[in-house]
Amino acid sequence: KETWAADLVGLLDALDLDSADIAGHDWGGLAALFAALSAPDRVRSVAAVSILHPWPPTPAPSLRSVVALGYQLPLALPVGGEQLVRRLPVLVRELIRRGSGPGHRWADDELDAYADVLRDPARARASSAIYRTFLLRELRGLARGRYRGRRLAVPALIATGAADPVVGPDLISGLDRHAGAGARTEVIAGAGHFVPEEAPAALLVGYPNHLGVV
């Protein structure tokens with residue numbers, strides 16, 4: 001995800017942009033936060049949705065938290081993870097349904113938009129590698145406080161759904177100890193993991209106001 005952050009800054013170079021406001025969901029949110037940490041002169045503000053921040057709390061893992069992350073293990077398997085998302089689109093659809101808030105209903109074509117692209121071997125392979133890299137390399141660094149000495153210097157918002165089974169409110173707490181006065185967290189009532197789809201108005205209207213972005 002640090003490589004993705006470097007790619008984001010490289011994209012600003014390619015577009016000839018001095019700086020930008022960056023928002024991302026899930027892994028994209030973590031990459032956006034890393035970009036803000038590594039290049040605060042290029043990121044005016046950052047919004048990260050449905051993802052933990054680089055300074056997660058470290059309580060003893062509960063059975064619920066372990067079960068919630070269990071879906072990542074089969075997806076991360078070499079070869080096997082790729083085949084799962086390619087050959088079983090029903091698995092992708094079910095993961096999305098189960099990760100959503102109790103009141104949200106997905107149309108079949110919406111779920112197909114996410115599941116069908118993963119039939120492509122290169123996309124399936126990359127998706128599996130994303131989880132494998134996180135579990136084998138990045139998670140350990142986060143848990144050991146790799147970013148403890150880094151401070152977020154730009155206005156920031158980290159948000160999650162109150163019903164998110166993966167990134168619950170506890171995982172975004174403590175941001176204020178590692179960021180300036182322009183940083184805040186937000187819990188979206190009723191939403192699950194897919195806040196952009198479940199609560200788009202909160203992102204399109206409320207979040208820019210929180211960040212001071214016009």
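The table for this structure:
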read-out: Candidate set from segment 62-83 (those that are open to solvent by less than 50 Å² (accessible area, probe 1.4 Å), hydrophobic (A, V, I, L, M, F, W, C) and at pLDDT 90 or above); member that is farthest from residue 130 (Cα to Cα); value: 75
read-out: Which listed residue, of 187, 166, is over 17 Å from residue 31 (Cα atoms), open to solvent by 50 Å² or more (accessible area, probe 1.4 Å) and either assigned to a loop (DSSP other than H, G, I, E, B) or free of Cβ contacts under 8 Å to residues at least 60 places away in the same chain (or both); value: 187
read-out: Selected residue [outside any helix (DSSP H, G or I) and touching an Asp or Glu at 6+ places or on another chain (Cβ under 8 Å)] from 51, 22; value: 51
read-out: Residues being of a type in the set (Gly, Ala, Ser), within 15 Å of residue 180 (Cα to Cα) and surrounded by fewer than 12 Cβ atoms within 10 Å (Cβ to Cβ) - total across segment 137-157; value: 1
read-out: Residue match in segment 25-42 (condition: crowded, with 23+ Cβ neighbours inside 10 Å and not in a helix (DSSP H, G or I)); value: no
read-out: Residues of segment 139-163 classified as touching a Phe, Trp or Tyr at 6+ places or on another chain (Cβ under 9 Å) and under 25 Å from residue 69 (Cα atoms), total; value: 8
read-out: Residue satisfying all of: in segment 133-155; of a type in the set (Gly, Ala, Ser) and part of a loop (DSSP other than H, G, I, E, B); modelled with the highest pLDDT among these; value: 153
read-out: Pair list, Cβ < 6 Å and 6+ apart or interchain, from segment 193-211 residues that are at pLDDT below 75 to residues that are buried (at least 19 other Cβ atoms within 10 Å of the Cβ); value: 207/47; 207/157; 210/157; 211/45; 211/155; 211/157
read-out: Residues that are aliphatic (A, V, I, L, M), surrounded by 14 or more Cβ atoms within 10 Å (Cβ to Cβ) and at pLDDT 95 or above, drawn from segment 93-116; value: 96, 111, 115
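The values are calculated or read from the model by the stated rules, or taken from the named source; none is laboratory data. Predicted, not measured: the structure shown is a model, and the values here were computed from it. Counting neighbours? That spans all protein chains shown, and the Cβs are built from the backbone with ideal geometry, glycine included. SASA here: full protein model, heavy atoms, side chains in, ligands and nucleic acids out. Shrake-Rupley method; radii C 1.70, N 1.55, O 1.52, S 1.80 Å.
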